[in-house]
Amino acid sequence: MATMKLETTDDQGLPRPVVRDSRETIAGLARGLAVIRAFSAGGPFCTLTEIANIAELSPAAARRCLHTLEDLGYVGRKGRQFFLRARVLDLSTGYLDSINGDTLAREHLQDITIATGQSASLAVLDGGDIIYLARIGPRRIVRVEASVGMRYPAYATSLGRVLLAGLPDEELDAYLGSTKFENFTARTTVDPERLRERIRAARSDGYALVEDELAIGVLSLAVPIHDRSGMVIAAINCSAQTGELTRSDLKKHLPLMLATARQISHSISRFPALLSLASR
């Protein structure tokens, strides 16, 4: 089976840029993107000093980036604090269009929601996190509510476990050896060796079932999506509240989940964002 590649990440778990040839890169662009990304860790309002520290830039470099982004309409300022403006969303429009998320939800994930009465999502691995690319299902008052663009640590989720299971052993070893695991609940698996066992079980079983690890009351079943070479490129899940379904109840829908994953794999050419993952 082919495998996917895990990018190196920074202290916030976000993927670091990989510089392949310094003669062909623009350092100023890299610094500007680092400043934009810094708001994810620093919060909606950040001072120049906070941005510089998070982006690992000198105050002078951070100041030039912020002023440039402000002139272009991507950043605003109130007193000594800076904030992102709505124009930043333009940067993600092309990618969101390439996901073809409406078709994913309507033609594939909807079948899972109809059969289970629960939500269904599709996510990919981004550094040490999962990022949701499509979701369908009822909205409920729960501690963890997923929506397109949201990210969660891979190790504490069913989606993340099957995506990590698609990594080569050496990349999985690097991930387990470098990640700072946090207890989200009393049931979160944070011991690297126990995580390794559960990720390997997901690899051999073809699915992962996680309960109460990211948040109490959240039960989720996930299966991988492969490209035509067998590489794991994404995953889908069905997520429920433990008061509504038991582990056994949810697992009864595993055949449907696997069939849906195969359907997405067979029609991958209709989803350019997933196709790009397969061609890495």
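None of the figures in this text is laboratory data; all of them are computed from the coordinates on show. Model, not experiment: these values are computed from the prediction. For neighbour counting, all protein chains shown are included, and Cβ atoms are generated from backbone atoms with ideal geometry for every residue, glycine included.
Odds and ends about this structure:
- Estimated from the Cβ-Cβ distance and a Förster radius of 41 angstrom, the FRET efficiency linking Ala60 and Val190 is about 0.55.
- Gain upon complete extension [Glu197, Thr47; 0.36 nm per residue less C-alpha separation]: 49.7 nm
- Look at the alpha carbon pairs under 8 Å that are at least 6 residues apart: their mean separation over the length of the range 127-226 gives a relative contact order of 29 percent.
- The protection proxy used here, the mean number of other Cβ atoms lying within 10 Å of each residue, ranks peptides 151-159, 241-249 as follows, highest first: 151-159, 241-249.
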